Amino acid sequence: MAGYIWLLIGGLGWMFGLSYDLKIHSITLGFVFGMIFAHAPMIFPSIMGKKSSYSPMLYIPFALLHLSLIVRFFADMKLGSLLNAISIILYLAILQFNVIV
């Protein structure tokens with residue numbers, strides 16, 4: 001649901017001519033990466049041909065992604081951008097360690 005909220009924010013941004021950063025990043029980071037974060041534990045193991053185990057730690061980068069978007073749009077763009085990158089790297093690291101060889 002969080003991804004769809006960012007998609008709505010991006011759509012409203014296009015309708016009302018809000019900042020370009022808000023329009024683009026709410027859709028690409030908020031919606032697209034939100035959907036990737038939600039579906040990757042099911043999709044990546046089938047693509048890689050390896051088993052994966054569920055970990056509640058995957059919620060940490062998911063929450064950090066959405067928090068970083070709020071920081072990016074309403075407080076500090078540089079800090080928000082840094083937190084965006086950290087959340088993506090953290091997610092990939094956690095997902096990598098949950099794959100059973």
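The values are calculated or read from the model by the stated rules, or taken from the named source; none is laboratory data. Everything numeric here is computed off the predicted structure, so don't read it as measured data. With ideal geometry, Cβ positions are generated from the backbone for all residues, glycine too; neighbour counts draw on all protein chains shown. Accessible surface is based on the protein model in full, side chains and every heavy atom, while ligands, DNA and RNA are left aside. Shrake-Rupley method; radii C 1.70, N 1.55, O 1.52, S 1.80 Å.
Numbers below:
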quantity	calculated
Of all residues making up region 49-61, the number that are of a type in the set (A, V, I, L, M) and open to solvent by 90 Å² or more (accessible area, probe 1.4 Å)	2
Meets criteria (basic (Lys, Arg) and at pLDDT 90 or above) for LYS78	yes
Only one of ILE89, ILE70, ILE60, ILE43 that is within 20 Å of LEU29 (Cα to Cα) and touching a Gly at 6+ places or on another chain (Cβ under 9 Å)	ILE70
Selection count where residues are surrounded by 11 or more Cβ atoms within 10 Å (Cβ to Cβ) and outside any helix (DSSP H, G or I), scope region 62-88	1
Scan of region 1-48 for residues that are open to solvent by 50 Å² or more (accessible area, probe 1.4 Å), of a type in the set (Ser, Thr, Tyr) and either over 16 Å from PHE74 (Cα atoms) or assigned to a helix (DSSP H, G or I) (or both), ordered by number	TYR4, TYR20, THR28, SER46
